[in-house]
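Worksheet: the structure to be examined is printed underneath.
The values are calculated or read from the model by the stated rules, or taken from the named source; none is laboratory data. In this text, all values refer to a predicted model and were calculated from it rather than measured experimentally. Please note: Cβ atoms are built from the backbone with ideal geometry, for glycine as well, and neighbour counts cover all protein chains shown.
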Amino acid sequence: MLTEKIRTDFPVFTRKINGNRLVYLDNSATSQCPKKVIDELSDYYLYHRANVHRGVHTLSEESTDMYEAARKVTARFLNVKNTEVAFVKNATEGANLIAFSFLPANLKKGDTILVSKYEHHSNILPWVESAKLLGLNVKQIPFTKGYAIDYERLSKMDFTFLAVNQVSNFLGSVNDISKIADVCHKKGAYLFVDGAQGIPHLPSNVTNLGCDFYTFSGHKIYAPFGTGALYIKDSLVSKTPPFMFGGGMIKSVTLESGDYLNEIEKFDAGTPNIGGAIALASALKYFESIGKKAIFSNEEKVLHYLYSQLSSQKDIQVYGPTKAEKRVGLVSFNLKGVHSHDLASILDSEGVAVRSGQHCTMPAHKGLGLVASVRASIGLYNFQDDIDALMEGINIARKVLK
Ligand code: ALA
(Lines give C-alpha, C1' and ligand atoms only; values in the text may rest on other atoms or scores of the structure.)
Protein backbone atom coordinates (compact mmCIF):
# COMPACT_ATOMS: atom_id res chain seq x y z
CA MET A 1 0.00 0.00 0.00
CA LEU A 2 1.26 3.48 -0.85
CA THR A 3 1.72 5.95 1.99
CA GLU A 4 2.82 9.58 2.24
CA LYS A 5 6.34 8.26 2.85
CA ILE A 6 6.71 7.89 -0.94
CA ARG A 7 7.15 11.68 -1.07
CA THR A 8 10.66 11.27 0.39
CA ASP A 9 11.70 9.84 -3.01
CA PHE A 10 11.02 13.30 -4.49
CA PRO A 11 13.27 16.06 -3.11
CA VAL A 12 10.95 18.76 -4.41
CA PHE A 13 8.60 17.97 -1.52
CA THR A 14 11.16 19.33 0.94
CA ARG A 15 10.46 22.79 -0.49
CA LYS A 16 8.20 25.38 1.05
CA ILE A 17 6.07 27.40 -1.36
CA ASN A 18 5.10 30.78 0.09
CA GLY A 19 5.80 29.31 3.51
CA ASN A 20 3.58 26.27 2.96
CA ARG A 21 4.13 22.60 2.24
CA LEU A 22 4.14 21.99 -1.56
CA VAL A 23 0.84 20.45 -2.65
CA TYR A 24 1.51 19.45 -6.23
CA LEU A 25 -1.68 18.95 -8.22
CA ASP A 26 -0.39 19.78 -11.70
CA ASN A 27 0.67 16.29 -12.72
CA SER A 28 -1.17 16.31 -16.04
CA ALA A 29 1.06 19.18 -17.13
CA THR A 30 4.17 17.48 -15.79
CA SER A 31 4.99 15.11 -12.97
CA GLN A 32 7.88 15.38 -10.51
CA CYS A 33 11.04 13.30 -10.92
CA PRO A 34 12.32 10.95 -8.20
CA LYS A 35 15.93 11.43 -7.05
CA LYS A 36 16.74 7.87 -8.12
CA VAL A 37 16.03 8.75 -11.77
CA ILE A 38 18.15 11.91 -11.63
CA ASP A 39 20.96 9.89 -9.98
CA GLU A 40 20.89 7.32 -12.81
CA LEU A 41 20.90 10.09 -15.40
CA SER A 42 23.81 11.74 -13.66
CA ASP A 43 25.70 8.42 -13.37
CA TYR A 44 25.29 7.90 -17.13
CA TYR A 45 26.62 11.39 -17.91
CA LEU A 46 29.48 11.18 -15.40
CA TYR A 47 30.75 7.65 -16.13
CA HIS A 48 29.38 6.24 -19.40
CA ARG A 49 28.76 9.15 -21.78
CA ALA A 50 29.60 8.32 -25.39
CA ASN A 51 27.80 8.12 -28.72
CA VAL A 52 25.76 5.00 -29.59
CA HIS A 53 26.04 2.57 -32.53
CA ARG A 54 29.13 4.45 -33.74
CA GLY A 55 32.20 3.28 -31.82
CA VAL A 56 34.09 0.18 -30.78
CA HIS A 57 35.59 1.67 -27.62
CA THR A 58 34.40 0.65 -24.17
CA LEU A 59 32.36 3.75 -23.40
CA SER A 60 30.56 3.64 -26.74
CA GLU A 61 29.71 -0.02 -26.28
CA GLU A 62 28.46 0.61 -22.74
CA SER A 63 26.40 3.53 -23.92
CA THR A 64 24.91 1.47 -26.79
CA ASP A 65 24.06 -1.37 -24.41
CA MET A 66 22.39 1.04 -21.95
CA TYR A 67 20.43 2.76 -24.72
CA GLU A 68 19.17 -0.53 -26.18
CA ALA A 69 18.40 -1.83 -22.68
CA ALA A 70 16.25 1.28 -22.21
CA ARG A 71 14.33 0.38 -25.37
CA LYS A 72 13.72 -3.10 -23.92
CA VAL A 73 12.43 -1.69 -20.62
CA THR A 74 10.10 0.67 -22.48
CA ALA A 75 8.84 -2.17 -24.69
CA ARG A 76 8.26 -4.38 -21.66
CA PHE A 77 6.36 -1.58 -19.91
CA LEU A 78 4.04 -1.31 -22.91
CA ASN A 79 3.96 -5.08 -23.47
CA VAL A 80 5.20 -4.78 -27.05
CA LYS A 81 8.37 -5.85 -28.90
CA ASN A 82 11.63 -3.87 -28.74
CA THR A 83 11.48 -3.63 -32.51
CA GLU A 84 8.22 -1.67 -32.21
CA VAL A 85 9.53 1.14 -29.96
CA ALA A 86 11.04 4.39 -31.31
CA PHE A 87 12.29 7.02 -28.89
CA VAL A 88 10.81 10.49 -29.41
CA LYS A 89 11.14 13.70 -27.45
CA ASN A 90 7.46 13.73 -26.44
CA ALA A 91 3.98 12.63 -27.53
CA THR A 92 3.80 15.68 -29.80
CA GLU A 93 6.76 14.36 -31.78
CA GLY A 94 5.13 10.91 -31.86
CA ALA A 95 2.03 12.38 -33.51
CA ASN A 96 4.03 14.54 -35.92
CA LEU A 97 6.18 11.57 -36.94
CA ILE A 98 3.11 9.57 -37.98
CA ALA A 99 1.37 12.58 -39.54
CA PHE A 100 4.32 13.46 -41.75
CA SER A 101 5.76 10.03 -42.57
CA PHE A 102 3.07 7.36 -42.33
CA LEU A 103 0.19 9.45 -43.69
CA PRO A 104 1.94 10.63 -46.89
CA ALA A 105 3.09 7.08 -47.59
CA ASN A 106 -0.19 5.30 -46.91
CA LEU A 107 -3.17 7.64 -47.34
CA LYS A 108 -4.36 9.15 -50.59
CA LYS A 109 -6.08 12.39 -51.58
CA GLY A 110 -9.72 12.41 -50.47
CA ASP A 111 -9.20 9.94 -47.59
CA THR A 112 -10.69 10.89 -44.23
CA ILE A 113 -9.03 11.24 -40.83
CA LEU A 114 -11.15 11.39 -37.68
CA VAL A 115 -10.13 13.34 -34.58
CA SER A 116 -12.15 14.12 -31.48
CA LYS A 117 -13.21 17.51 -30.16
CA TYR A 118 -11.72 16.60 -26.77
CA GLU A 119 -8.13 16.29 -28.00
CA HIS A 120 -5.05 18.18 -26.88
CA HIS A 121 -3.86 20.52 -29.67
CA SER A 122 -0.97 18.10 -30.25
CA ASN A 123 -3.43 15.43 -31.35
CA ILE A 124 -5.29 17.81 -33.69
CA LEU A 125 -2.76 20.04 -35.41
CA PRO A 126 -0.38 17.41 -36.86
CA TRP A 127 -3.35 15.74 -38.61
CA VAL A 128 -4.84 19.05 -39.77
CA GLU A 129 -1.53 20.26 -41.20
CA SER A 130 -0.70 16.96 -42.87
CA ALA A 131 -4.24 16.81 -44.29
CA LYS A 132 -3.72 20.24 -45.90
CA LEU A 133 -0.60 19.01 -47.67
CA LEU A 134 -2.10 15.69 -48.75
CA GLY A 135 -5.65 16.75 -49.61
CA LEU A 136 -7.24 14.64 -46.83
CA ASN A 137 -10.50 15.39 -45.05
CA VAL A 138 -10.52 15.87 -41.28
CA LYS A 139 -13.81 15.07 -39.56
CA GLN A 140 -14.97 14.69 -35.96
CA ILE A 141 -15.39 11.47 -34.02
CA PRO A 142 -19.08 11.42 -32.99
CA PHE A 143 -19.86 11.61 -29.27
CA THR A 144 -23.00 10.87 -27.31
CA LYS A 145 -24.51 13.70 -25.26
CA GLY A 146 -22.09 12.73 -22.50
CA TYR A 147 -18.41 12.24 -23.07
CA ALA A 148 -18.49 8.76 -24.57
CA ILE A 149 -17.83 7.94 -28.21
CA ASP A 150 -20.97 7.13 -30.17
CA TYR A 151 -19.95 3.74 -31.59
CA GLU A 152 -23.09 3.28 -33.61
CA ARG A 153 -22.50 6.46 -35.58
CA LEU A 154 -18.76 5.86 -35.70
CA SER A 155 -19.15 2.44 -37.28
CA LYS A 156 -21.27 3.96 -40.06
CA MET A 157 -18.62 6.54 -40.96
CA ASP A 158 -16.17 6.16 -43.79
CA PHE A 159 -12.58 6.88 -42.69
CA THR A 160 -9.02 5.63 -43.09
CA PHE A 161 -7.29 6.91 -39.96
CA LEU A 162 -8.48 7.82 -36.46
CA ALA A 163 -6.54 9.74 -33.81
CA VAL A 164 -7.78 9.81 -30.22
CA ASN A 165 -6.52 10.17 -26.68
CA GLN A 166 -6.54 7.34 -24.16
CA VAL A 167 -7.48 9.91 -21.50
CA SER A 168 -8.54 13.51 -22.07
CA ASN A 169 -6.15 16.03 -20.47
CA PHE A 170 -9.11 18.36 -19.83
CA LEU A 171 -11.96 16.03 -18.83
CA GLY A 172 -10.05 13.03 -17.48
CA SER A 173 -12.48 10.86 -19.47
CA VAL A 174 -11.16 7.44 -20.47
CA ASN A 175 -11.68 6.15 -24.01
CA ASP A 176 -12.21 2.46 -24.61
CA ILE A 177 -9.29 1.95 -26.97
CA SER A 178 -9.90 -1.78 -27.63
CA LYS A 179 -13.44 -1.01 -28.72
CA ILE A 180 -12.29 1.83 -30.97
CA ALA A 181 -9.60 -0.48 -32.40
CA ASP A 182 -12.27 -3.06 -33.29
CA VAL A 183 -14.31 -0.48 -35.17
CA CYS A 184 -11.22 0.84 -37.00
CA HIS A 185 -9.85 -2.54 -37.96
CA LYS A 186 -13.19 -3.82 -39.28
CA LYS A 187 -12.95 -0.94 -41.76
CA GLY A 188 -9.26 -1.42 -42.49
CA ALA A 189 -8.59 1.96 -40.84
CA TYR A 190 -5.55 2.78 -38.68
CA LEU A 191 -5.75 3.85 -35.03
CA PHE A 192 -3.34 6.33 -33.41
CA VAL A 193 -3.53 6.76 -29.63
CA ASP A 194 -2.17 9.69 -27.66
CA GLY A 195 -1.30 7.96 -24.38
CA ALA A 196 0.23 11.02 -22.68
CA GLN A 197 -2.46 11.19 -19.98
CA GLY A 198 -3.18 7.48 -19.92
CA ILE A 199 0.23 6.02 -19.23
CA PRO A 200 0.61 7.25 -15.61
CA HIS A 201 -2.90 6.12 -14.60
CA LEU A 202 -3.87 3.02 -16.60
CA PRO A 203 -2.28 -0.37 -17.36
CA SER A 204 -1.41 0.69 -20.97
CA ASN A 205 -0.86 -2.83 -22.19
CA VAL A 206 -0.59 -1.71 -25.78
CA THR A 207 -0.86 -5.20 -27.25
CA ASN A 208 -4.19 -5.64 -25.47
CA LEU A 209 -5.37 -2.17 -26.50
CA GLY A 210 -4.92 -3.26 -30.12
CA CYS A 211 -4.05 0.16 -31.57
CA ASP A 212 -1.60 0.63 -34.45
CA PHE A 213 0.32 3.54 -32.94
CA TYR A 214 0.65 4.65 -29.30
CA THR A 215 2.76 7.51 -28.03
CA PHE A 216 3.55 9.05 -24.66
CA SER A 217 5.80 11.67 -23.03
CA GLY A 218 8.25 10.62 -20.33
CA HIS A 219 7.77 13.76 -18.24
CA LYS A 220 4.17 12.76 -17.46
CA ILE A 221 5.46 9.52 -15.90
CA TYR A 222 8.22 10.81 -13.61
CA ALA A 223 10.99 10.90 -16.27
CA PRO A 224 12.98 13.94 -17.46
CA PHE A 225 11.75 16.31 -20.19
CA GLY A 226 12.60 15.56 -23.80
CA THR A 227 11.92 11.84 -23.46
CA GLY A 228 9.12 9.63 -24.73
CA ALA A 229 8.30 6.77 -27.01
CA LEU A 230 6.25 5.90 -30.06
CA TYR A 231 4.95 2.38 -30.55
CA ILE A 232 4.46 1.36 -34.17
CA LYS A 233 2.84 -2.02 -34.77
CA ASP A 234 5.29 -4.55 -36.21
CA SER A 235 3.57 -4.84 -39.57
CA LEU A 236 3.55 -1.04 -39.99
CA VAL A 237 7.21 -0.30 -39.20
CA SER A 238 8.26 -0.99 -42.79
CA LYS A 239 5.31 1.13 -44.03
CA THR A 240 6.44 4.12 -41.96
CA PRO A 241 9.29 5.92 -43.75
CA PRO A 242 12.00 7.75 -41.78
CA PHE A 243 10.86 11.12 -40.46
CA MET A 244 14.28 12.72 -40.20
CA PHE A 245 17.37 11.94 -42.25
CA GLY A 246 20.99 11.91 -41.14
CA GLY A 247 23.61 9.80 -39.45
CA GLY A 248 22.77 6.55 -37.71
CA MET A 249 19.80 5.50 -39.86
CA ILE A 250 21.43 4.58 -43.14
CA LYS A 251 22.66 1.51 -44.98
CA SER A 252 24.53 3.48 -47.64
CA VAL A 253 24.77 7.04 -48.93
CA THR A 254 25.85 8.62 -52.22
CA LEU A 255 25.76 12.29 -53.13
CA GLU A 256 22.49 11.63 -54.95
CA SER A 257 20.55 9.48 -52.50
CA GLY A 258 20.46 7.30 -49.42
CA ASP A 259 19.46 3.73 -48.65
CA TYR A 260 17.90 3.63 -45.20
CA LEU A 261 17.50 1.09 -42.43
CA ASN A 262 14.11 -0.53 -42.45
CA GLU A 263 14.01 -1.35 -38.74
CA ILE A 264 12.91 0.89 -35.86
CA GLU A 265 16.45 2.40 -35.69
CA LYS A 266 15.57 4.34 -38.83
CA PHE A 267 13.93 6.85 -36.46
CA ASP A 268 17.23 7.51 -34.68
CA ALA A 269 18.66 10.07 -37.14
CA GLY A 270 21.45 12.05 -35.52
CA THR A 271 22.71 11.48 -32.00
CA PRO A 272 19.65 10.56 -29.97
CA ASN A 273 18.82 11.67 -26.43
CA ILE A 274 20.76 8.72 -25.01
CA GLY A 275 20.77 9.88 -21.40
CA GLY A 276 17.09 10.72 -21.74
CA ALA A 277 16.19 7.22 -22.94
CA ILE A 278 18.16 5.70 -20.06
CA ALA A 279 16.43 8.01 -17.56
CA LEU A 280 13.03 7.22 -19.10
CA ALA A 281 13.70 3.52 -18.52
CA SER A 282 14.81 4.32 -14.98
CA ALA A 283 11.50 6.13 -14.31
CA LEU A 284 9.50 3.23 -15.77
CA LYS A 285 11.44 0.80 -13.55
CA TYR A 286 10.81 3.04 -10.53
CA PHE A 287 7.09 3.00 -11.37
CA GLU A 288 7.13 -0.80 -11.68
CA SER A 289 9.05 -1.16 -8.44
CA ILE A 290 6.29 0.65 -6.55
CA GLY A 291 3.76 -1.41 -8.48
CA LYS A 292 1.16 -0.38 -11.02
CA LYS A 293 -1.56 -1.96 -8.88
CA ALA A 294 -0.62 -0.01 -5.76
CA ILE A 295 -0.34 3.26 -7.71
CA PHE A 296 -3.62 2.89 -9.57
CA SER A 297 -5.60 1.84 -6.53
CA ASN A 298 -4.29 4.76 -4.44
CA GLU A 299 -5.00 7.19 -7.27
CA GLU A 300 -8.53 5.85 -7.60
CA LYS A 301 -9.21 6.65 -3.93
CA VAL A 302 -7.64 10.11 -4.14
CA LEU A 303 -9.47 10.94 -7.37
CA HIS A 304 -12.76 9.80 -5.93
CA TYR A 305 -12.20 12.05 -2.90
CA LEU A 306 -11.16 14.98 -5.13
CA TYR A 307 -14.20 14.57 -7.35
CA SER A 308 -16.67 14.24 -4.47
CA GLN A 309 -15.21 17.21 -2.59
CA LEU A 310 -15.40 19.49 -5.62
CA SER A 311 -18.75 18.32 -6.94
CA SER A 312 -20.44 18.68 -3.54
CA GLN A 313 -19.86 22.47 -3.51
CA LYS A 314 -22.77 24.47 -4.91
CA ASP A 315 -20.57 27.23 -6.35
CA ILE A 316 -18.19 24.84 -8.14
CA GLN A 317 -18.88 23.62 -11.65
CA VAL A 318 -17.09 20.37 -12.49
CA TYR A 319 -16.55 19.26 -16.11
CA GLY A 320 -16.37 15.82 -17.65
CA PRO A 321 -17.87 12.45 -16.73
CA THR A 322 -20.08 12.58 -13.64
CA LYS A 323 -19.07 9.09 -12.59
CA ALA A 324 -15.63 8.96 -10.97
CA GLU A 325 -15.05 5.46 -12.40
CA LYS A 326 -15.20 6.83 -15.95
CA ARG A 327 -12.28 9.15 -15.41
CA VAL A 328 -8.70 9.02 -14.18
CA GLY A 329 -6.07 11.45 -13.02
CA LEU A 330 -7.78 14.81 -12.93
CA VAL A 331 -10.77 17.04 -12.38
CA SER A 332 -11.28 20.35 -14.22
CA PHE A 333 -13.61 22.88 -12.66
CA ASN A 334 -14.47 26.53 -12.09
CA LEU A 335 -15.41 28.44 -8.97
CA LYS A 336 -18.44 30.37 -10.20
CA GLY A 337 -17.76 34.06 -10.80
CA VAL A 338 -13.98 33.67 -10.41
CA HIS A 339 -11.48 33.56 -13.27
CA SER A 340 -9.38 30.39 -13.25
CA HIS A 341 -6.09 32.34 -13.14
CA ASP A 342 -7.24 34.27 -10.05
CA LEU A 343 -8.16 31.07 -8.25
CA ALA A 344 -4.88 29.40 -9.27
CA SER A 345 -2.90 32.42 -7.97
CA ILE A 346 -4.60 32.29 -4.57
CA LEU A 347 -4.03 28.54 -4.43
CA ASP A 348 -0.35 29.09 -5.21
CA SER A 349 -0.08 31.52 -2.32
CA GLU A 350 -1.22 28.59 -0.14
CA GLY A 351 1.38 26.23 -1.69
CA VAL A 352 -1.13 24.44 -3.96
CA ALA A 353 -0.04 24.05 -7.61
CA VAL A 354 -2.82 23.57 -10.17
CA ARG A 355 -3.11 24.48 -13.85
CA SER A 356 -5.47 27.18 -15.06
CA GLY A 357 -6.40 28.24 -18.60
CA GLN A 358 -7.42 26.09 -21.54
CA HIS A 359 -4.91 23.27 -21.09
CA CYS A 360 -4.14 23.22 -24.86
CA THR A 361 -7.75 22.20 -25.56
CA MET A 362 -9.31 25.29 -27.13
CA PRO A 363 -11.94 23.40 -29.20
CA ALA A 364 -13.09 21.46 -26.11
CA HIS A 365 -13.36 24.61 -23.98
CA LYS A 366 -15.16 26.46 -26.76
CA GLY A 367 -17.52 23.50 -27.24
CA LEU A 368 -18.55 23.72 -23.59
CA GLY A 369 -18.87 27.50 -23.78
CA LEU A 370 -15.90 28.04 -21.45
CA VAL A 371 -13.19 30.67 -21.46
CA ALA A 372 -10.94 28.70 -19.13
CA SER A 373 -10.91 26.26 -16.22
CA VAL A 374 -8.84 25.16 -13.24
CA ARG A 375 -7.43 21.64 -13.33
CA ALA A 376 -6.32 19.57 -10.33
CA SER A 377 -4.40 16.51 -11.47
CA ILE A 378 -2.90 13.80 -9.30
CA GLY A 379 0.15 11.58 -9.28
CA LEU A 380 1.46 8.70 -7.22
CA TYR A 381 2.51 11.00 -4.32
CA ASN A 382 -0.90 12.61 -3.78
CA PHE A 383 -3.11 11.65 -0.86
CA GLN A 384 -6.22 12.93 0.88
CA ASP A 385 -4.22 15.63 2.71
CA ASP A 386 -3.45 17.26 -0.67
CA ILE A 387 -7.12 17.42 -1.59
CA ASP A 388 -7.93 18.88 1.85
CA ALA A 389 -5.29 21.56 1.23
CA LEU A 390 -6.86 22.31 -2.17
CA MET A 391 -10.31 22.67 -0.61
CA GLU A 392 -8.95 24.94 2.15
CA GLY A 393 -7.28 27.05 -0.55
CA ILE A 394 -10.58 27.32 -2.42
CA ASN A 395 -12.24 28.49 0.82
CA ILE A 396 -9.64 31.22 1.21
CA ALA A 397 -10.17 32.22 -2.44
CA ARG A 398 -13.91 32.49 -1.79
CA LYS A 399 -13.26 34.98 1.01
CA VAL A 400 -10.76 37.03 -0.99
CA LEU A 401 -12.38 37.00 -4.43
CA LYS A 402 -16.14 36.80 -3.92
N1 ALA B 1 -0.20 18.53 -22.10
C2 ALA B 1 0.02 19.19 -20.87
C3 ALA B 1 -1.24 19.58 -20.16
O4 ALA B 1 -2.28 19.08 -20.44
C5 ALA B 1 1.00 20.27 -20.98
O6 ALA B 1 -1.21 20.43 -19.30
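Which condition number does Ser308 fail, the rest of (1) closer than 24 Å to Thr30 by Cβ; (2) in a helix (DSSP H, G or I); (3) without any contact (Cβ under 8 Å) to a residue 60 or more places away in the chain being met?
Of everything listed in (1) closer than 24 Å to Thr30 by Cβ; (2) in a helix (DSSP H, G or I); (3) without any contact (Cβ under 8 Å) to a residue 60 or more places away in the chain, Ser308 misses just condition (1).
Name the one entry in Phe287, Phe267 that is touching a Pro at 6+ places or on another chain (Cβ under 7 Å) and surrounded by 15 or more Cβ atoms within 10 Å (Cβ to Cβ).
The match here is Phe267.
Name the single residue that is surrounded by the fewest Cβ atoms within 10 Å (Cβ to Cβ) among those in segment 376-385 being of a type in the set (A, V, I, L, M, F, W, C) and in a loop (DSSP other than H, G, I, E, B).
Step by step, filter segment 376-385, then rank; the result is Phe383.
Between residues in segment 35-57 that are more than 10 Å from Ala279 (Cβ to Cβ) and residues that are part of a helix (DSSP H, G or I) and β-branched (Val, Ile, Thr), which pairs lie under 6 Å by C-beta distance while being six or more apart or on different chains?
Pairs found: Val52/Thr64; Val52/Ile274; His53/Thr64.
Has segment 261-268 got any residue that is more than 28 Å from Glu61 (Cα to Cα) and either without any contact (Cβ under 8 Å) to a residue 40 or more places away in the chain or in a loop (DSSP other than H, G, I, E, B) (or both)?
There is no residue in segment 261-268 that is more than 28 Å from Glu61 (Cα to Cα) and either without any contact (Cβ under 8 Å) to a residue 40 or more places away in the chain or in a loop (DSSP other than H, G, I, E, B) (or both).
All but one of (1) more than 25 Å from Phe10 (Cβ to Cβ); (2) of a type outside the set (A, V, I, L, M, F, W, C); (3) not in a loop (DSSP other than H, G, I, E, B) hold for Glu299; state the number of the condition that does not hold.
Evaluating Glu299 over (1) more than 25 Å from Phe10 (Cβ to Cβ); (2) of a type outside the set (A, V, I, L, M, F, W, C); (3) not in a loop (DSSP other than H, G, I, E, B) leaves (1) as the failure.
Considering every residue within segment 312-333, establish whether at least one is within 16 Å of the ligand (Cβ to nearest atom) and part of a helix (DSSP H, G or I).
Taking every residue of segment 312-333 in turn, none turns out to be within 16 Å of the ligand (Cβ to nearest atom) and part of a helix (DSSP H, G or I).
Restricting to segment 335-375, name every residue that is assigned to a helix (DSSP H, G or I), of a type in the set (Ser, Thr, Tyr) and without any contact (Cβ under 8 Å) to a residue 24 or more places away in the chain.
Selection gives Ser345 alone.
Got at least one residue in segment 153-160 being more than 13 Å from the ligand (Cβ to nearest atom) and of a type in the set (A, V, I, L, M)?
For segment 153-160, residues more than 13 Å from the ligand (Cβ to nearest atom) and of a type in the set (A, V, I, L, M): present.
In segment 1-28, how many are within 22 Å of Asn90 (Cβ to Cβ) and buried (at least 16 other Cβ atoms within 10 Å of the Cβ)?
Number of matching residues: 6.
Please count how many residues of segment 103-158 are of a type outside the set (Phe, Trp, Tyr), crowded, with 20+ Cβ neighbours inside 10 Å and part of a helix (DSSP H, G or I).
Looking only at that region, the number is 6.
Being among the polar types (S, T, N, Q) and closer than 21 Å to Thr361 by Cα is the filter here; which residues of segment 298-325 pass it?
Gln317, Thr322
(1) under 14 Å from the mean Cα position of the chain (by Cα); (2) more than 15 Å from the ligand (Cβ to nearest atom): which one isn't true of Leu133, the others all being true?
Looking at each condition in turn, Leu133 falls short on (1).
Pull up segment 225-267, narrow it to residues that are acidic (Asp, Glu) and under 25 Å from the mean Cα position of the chain (by Cα), then point me to the one that is nearest to Ala70 (Cα to Cα).
That would be Glu265.
Got a number for residues in segment 210-246 being outside any loop (DSSP other than H, G, I, E, B) and either in contact (Cβ under 8 Å) with a residue 40 or more places away in the chain or crowded, with 24+ Cβ neighbours inside 10 Å (or both)?
Looking only at that region, the number is 17.
Matching residues to (1) out of contact with any strand residue (DSSP E or B) (no Cβ under 7 Å at 6 or more places or on another chain); (2) in a helix (DSSP H, G or I); (3) within 30 Å of Gly393 (Cβ to Cβ):
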site	(1), (2), (3)
Met1	yes, no, yes
Ser28	no, no, yes
Asp39	yes, yes, no
Asp43	yes, yes, no
Lys72	yes, yes, no
Lys89	no, no, no
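Taking Leu41, is it over 22 Å from the mean Cα position of the chain (by Cα), crowded, with 17+ Cβ neighbours inside 10 Å and not hydroxyl-bearing (Ser, Thr, Tyr)?
Taking the combined requirement at face value, the residue does not satisfy it.
Within the set of pairs 6+ apart or on separate chains, which have a first residue in segment 125-140 that is within 12 Å of Phe100 (Cα to Cα), a second that is of a type in the set (Gly, Ala, Ser) and at pLDDT 95 or above, and C-beta atoms under 6 Å apart?
Once the first residue is within 12 Å of Phe100 (Cα to Cα) and sits in segment 125-140, its partners that are of a type in the set (Gly, Ala, Ser) and at pLDDT 95 or above give Pro126/Ala95; Pro126/Ala99; Trp127/Ala99; Trp127/Ala163; Ser130/Ala99.
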